[in-house]
Structure formats: C-alpha cells, structure tokens
1. Assigned to a helix (DSSP H, G or I) and under 16 Å from the mean Cα position of the chain (by Cα): does that describe B:ALA90?
2. Give the residue, chosen from B:VAL247, B:VAL287, that is farther than 30 Å from B:THR475 by Cα, in contact (Cβ under 8 Å) with a residue 12 or more places away in the chain and under 24 Å from the mean Cα position of the chain (by Cα).
3. Go through the residues of segment B:284-307 one by one and say whether even a single one is assigned by TED's automatic domain parsing to the domain that holds B:VAL363, in contact with a Pro (Cβ under 8 Å, 6 or more places away or on another chain) and surrounded by 20 or more Cβ atoms within 10 Å (Cβ to Cβ).
4. What pairs can you find where one residue is in segment B:83-105 and assigned by TED's automatic domain parsing to the domain that holds B:ILE284, the other is of a type in the set (S, T, N, Q) and assigned to a helix (DSSP H, G or I), and their Cβ atoms are less than 6 Å apart, with a gap of 6+ or different chains?
5. Could you identify the single residue in B:ARG387, B:ARG375 that is among the charged types (D, E, K, R), assigned by TED's automatic domain parsing to the domain that holds B:LEU193 and touching a Gly at 6+ places or on another chain (Cβ under 9 Å)?
6. Sort out for me the helices (runs of 4 or more DSSP H) sitting completely within segment B:1-86 that have 3 or more residues that are within 11 Å of another protein chain (Cβ to nearest Cβ) and in contact with a Pro (Cβ under 8 Å, 6 or more places away or on another chain).
7. Quick check on B:LEU60: is it in contact (Cβ under 8 Å) with a residue 12 or more places away in the chain and either touching a Ser or Thr at 6+ places or on another chain (Cβ under 8 Å) or more than 16 Å from B:THR281 (Cα to Cα) (or both)?
8. Here are the criteria: (1) touching a residue at least 40 places away in the same chain (Cβ under 8 Å); (2) surrounded by fewer than 24 Cβ atoms within 10 Å (Cβ to Cβ). Tell me which single one B:THR134 does not satisfy.
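The values are calculated or read from the model by the stated rules, or taken from the named source; none is laboratory data. Just so it is clear, the model here is predicted, and its values are computed rather than measured. All Cβ positions, glycine included, derive from the backbone under ideal geometry; neighbour counts span all protein chains shown.
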Amino acid sequence: MDLRTPIGWLFTVVGVLLTAFGWLHRTAAFMPTGIDIDLVWGVVLLVFGLFMLGLAWRARKRRERGPAPAAANAAAASHERQAASR
Amino acid sequence: MLLHLSLNWLDKVILGLYCLFVLGIGWRLKRQMRTSDDFFLSGRRIPSWITGLAFLSANLGALEMMGMAASGAKYGMLTSHFYWIGAVPAMIFVALFMMPFYYGSKARSVPEYLRLRFDEKTRALNAFTFAIMTVLMSGISLYAMAILFRDLLGWSFDLSIWLSAGIVLLYTASGGLTSSIYNEVLQFFLIVLGFTPLTWLGLREAGGWHGLQGRLLAMGDRGYLHLWQNMAHPSSNPMGVEWFGLVMGLGFVLSFGYWCTDFLVVQRAMAAEDMAAARRTPLIAAVPKMLFPFIVIVPGILALALIPAAHWPLQKGAINFNEALPLMIQQFYPAGMLGLGLTALLASFMSGMAGNVTAFNSVWTYDIYQSYIKRDGSDAHYLAVGRWTTIIGIVLSVGGAYLVTHFDNLMDYMQLVFGFVNAPLFATFLLGMFWKRSTGHGAFWGLLSGMFGAAAHYSLTVAEGKGGWIAHLHTYSSSMAQNFWGAIWAFVACFAVTVMVSLASAPRPEAELAGLVRSLTPRLEEKHLAWFRRPAYLGVGVLVILVALNWYFR
C-alpha cells in the first residue's frame, strides 16, 4: 500500500468538510480572528490531499510501466555495493 | 480552574474519520505481514522519506506538544534549544557515524547490537531496562491523554483509556511496525497542518514577529526571543542554566544518549530499504525538527503575549503555563479547526503509544523471548509471539496508566529513574563503535556505574527542593540544570569505568568485530548516489541551517 493514498484521502475528505462548513458559517461566532479560517484552511487541506493522491497515482502508473532503465541500474549498483560492504 | 472546550458535530466527525483511517491502514497492512521480519522490521523496505518522518514523530508525543508550548510561554525561544542543539547534532552524528553499524551489522534491535559488539549480559541489562521503561512510559502517556481529554472535553477517564488502547491494539497487532510507522507519518502531517494556522493567526494578531517583540518588551521581556545572549550565568536566564551545562548536558550527553541509542527512534531507521536510506532517515527528520519550534513553541510565546493574565487558569495561585496550547486553541480556533487540532493531539498520543508498543514487541520477542525462553522456534511462532506481545504490552500500558492514578508521585519517580538508566548509554555506544579495545565486561560495569553516578549526583545535590537524599553538597538554580549536570556525571562515570575495566580485561579477537567497530569496517562507498541523496552532503546542509537559526535567534 502506498502511504500517500490514505493520507491523501483523509486530508481531501477533511478539506472538503472544512471548506463547506466554513462557507456555510461565515458569521462572527465562527471567525474569532476575522478570517474564515475553516474555509481558508479547508482549501489548503484539500489541495494537500489532492497533491498526495496525485503523487500516489503517478507512482502507481510508473510501477505499472515497469522500472525505468536508469533507476533499475542504480538499484542494481546499490545492491552490489551493499553486498561488497558486507 | 481548567479550560473546557465543547465540540461541534464537525469536530467529532474529523476525530472519527481519523480513527477510521487508522484502523483501515492496519487492516490493509495485515495481509502483508507474512514473516516475523515483516512484522518487526517492516521487511526492511520502507523509503527514507517515510522512515525519516516516523523517526521524528516517534519522539513527538502529545505530552511534548503540550509541554513545549508551556515551556514556550515560560522560557520563550530558549525552549528551542531542545529542538536545535538538543537534537540536531545528535541526529547528524547517528546518521553519518553510527547507522553504518546499526544497519550494517543486521542487528534487529539496539540490544542485539550490544550482544554482537559486547556480550550477553550487556544486552540483557539494556533489553530488560528498555522493555520495562518503554511499557511504563506508554502507560504514563496514556494516563496523561485520559486526564487531558477528561479536563478539556469532559470525556470519561476510563472510556478514553480503553478506546484509544483498543484502537492502538487493533492497528499494531494487525500491521506491526509498518502500521506504527505509517501512523507516525500521518500524525506528522496532522500536527503540521493542525497547528500551523495557530502560529499564523497568532502572529497576525500580534502584528507579526516585530509586533510580538514589541509586546514582550512592553511586558518586561527577559530575553524571550534570544537563545544565547543570556546564557553566561544560570541567574541571567529563566531556565537557570549556563551555556556549558546546556551544551554538554543537553547538547551532548542527553541528546546523543536519546537520538543515537534509543531503540524507539533507531528502529525506524532500521526499517529503511537500504543503507543509504537508513543513513538519510535521521537527516530527513532533522529538517522538520528544526522548523518545529515555530509551530509548537511560538504558540506558547504568543499565548503569553496575547492572552491577558486574567484569562489564564491558575495553579496554586500562579499562572498555569500547561494551559498555553489549550488556551490558544480556544482563542483562535472555531468549530472545525478545533476538531483538526484535537485530532492532531489524539494522533500524537496514539502513535506515541503504538511506537512504544512496537519497540517493546521487538525487544521482548528478539532479545528476551528468543534469547532466554525459546531459542529454536519457527518464524511463524515468533510472528505469533509478536502479536500476543502487542496485546500484553497494551494491557501492561493500561495497567501502568491506572497505577499512576493511584500513586500520585509515581510518575515523577519513574521519570527520574528512567533518567538514571538512560544517561550513561551514549558512552557505552561511543566506546563500542569507535574503540575496538572496549570489552563486554567494561561496557556492563561502565553502564552500571553510569546509572549509579546519575543516582548519586541526584542524592548529593538539590534543586527546587528536590534531590539531596544523602547529603546537600551543591544547590542548582533549577531542576533543569540538575538534570543536565547529572547526565554529564553519568556519562563521565560510564566512560571512565568502561575504559578502565576494558583495559583490565581480555580484548575480543579483531576478526569478530568486523562490521561492528569503525576501525575494522570498510568505508561505505556512496559515490553512485546523486549529491542530494548522499548522507554526508545532507548532514552538512542540516548543520548550516542549524548554525543559521542559532545565529539569527542569538
């Protein structure tokens, strides 16, 4: 499991909830500092959540395509060096 | 009088969503746990960005979040010493100089490294003290969480304990170390995203950093925003410590003793996918570690500057600084953000407990059960033992939490004793890894002498009315100074006795020490890595940022 997936989903869902809540409650009681922080930070969480989901999606696509030749070579070289150091 | 916060439906939904995700992660990981290596070491295949963030979060319990905000209000930016000089040099050292032996020796735990390097009795001493301390610390943090949620939200003490212990049990018994690490990373993001707005909103209210400085000056500032300029003498700063005690006690002995030898944090690096990733783990952790004062300490300073004294809850007639973080949350967070902030606190508690339980698991199963109870079990047997140990560890933690409720001073005494046990550890590892002549007898008697040295120092000195059980030879300006100097004495005692006993005992053949001692281990070749992946370059980069921060806030 790619950890970015659950992190992305959690912050996306919380971001949507906070944004909607902030949008619907634009009264002084919900804005102690004069800023609609629920709305503003909800959007930030949503963007972060979607970004993590995007990274996870990109990594999955790469895995499906198979390792790139350069990355495979680097991994092989790293294994050889580790074996030598043991 | 204590603060009381009331939760809106959205706050409860956010808390519930977090619990669901945590359980979901454990459930998904359960299928991947096929061998004991998967369960205890995450199969050594976790990328360094994950182990790095877990390395940092494993140390970031909710008690620390509350305590650092409280210290921020009490001592100001001086508290950042715990995050900067009190952590970062040690993190660079463990990454560059010690990880090659921890990871390269293929030891499965820190006590196991001690057996490979020294002998069985040194391992046993470390394994038993670590196992007992870990499970009791987990109990203490469980107790603190239940008290916080009872006082702040009016939740039942028993319900808080059993519910959070139940959730931690479900996800750690399912996914082992991986579950624990994944949840620590989730906790990291929750803390960063849950508390950054507090600093932002607070600074905005204060009129920016200069506005904050102005307010503190108007209150009769005693150097709240400076790290070094008042450190010449204990009486010239609110911590009551001078620069030498701070640098040697906190910056060297205590910090290196914790970050370089505590299995709870080192275990995260041991789960990394290769040697370079293991070495990068503490360095990746060091970057957010250096920035954390801005989200955990600055809110405390802001609380002092922005919230009038009349609004602070009192304790024995004085301002109760422990309420700094709850006060800031109450003042600046509406419903919704409140849920996010509390979820970050709950996540710190639960992942702190899970971290303790998984470290306890490995040490119990590998260093105690497999070594002294059943040596030749199958892999499936040890995997089952690991799962059962999770359950037992959690039951013991809950027992520890209830024990603390019945004996008021027990928590203080336990923390005191743990301090004695931990203080000398770094001397043992330093000599073990860098002096091939040090022996098992030297390490064992050195460790015991260090613990005795710490206890003797406490028994002979007094600070804030504490200590001086045997005689009163010296008075410190603060408990913190007594703690730092106790660590220095413990280190010196352990170092000296280890050297003397080692020289008097027979050395081990050099062939047995290859891969365990620096002078007998081939240097690592990392030229094939891109520059930004090389631990040495990263270490230098981290050091430059550390110096810059200390210079700016001097």
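1. yes
2. B:VAL287
3. Within segment B:284-307 (the criterion being assigned by TED's automatic domain parsing to the domain that holds B:VAL363, in contact with a Pro (Cβ under 8 Å, 6 or more places away or on another chain) and surrounded by 20 or more Cβ atoms within 10 Å (Cβ to Cβ)), the answer is no, since none of the residues qualifies.
4. Taking only residues 6 or more apart or on different chains, the pairs are B:GLY86/B:SER255; B:ALA87/B:SER255; B:ALA90/B:SER255.
5. Working: B:ARG375 fails: touching a Gly at 6+ places or on another chain (Cβ under 9 Å).
On inspection, the qualifying residue turns out to be B:ARG387.
6. Here the list reads B:9-30.
7. Numbers: in contact (Cβ under 8 Å) with a residue 12 or more places away in the chain: yes; either touching a Ser or Thr at 6+ places or on another chain (Cβ under 8 Å) or more than 16 Å from B:THR281 (Cα to Cα) (or both): yes.
Taking the combined requirement at face value, the residue satisfies it.
8. (2)
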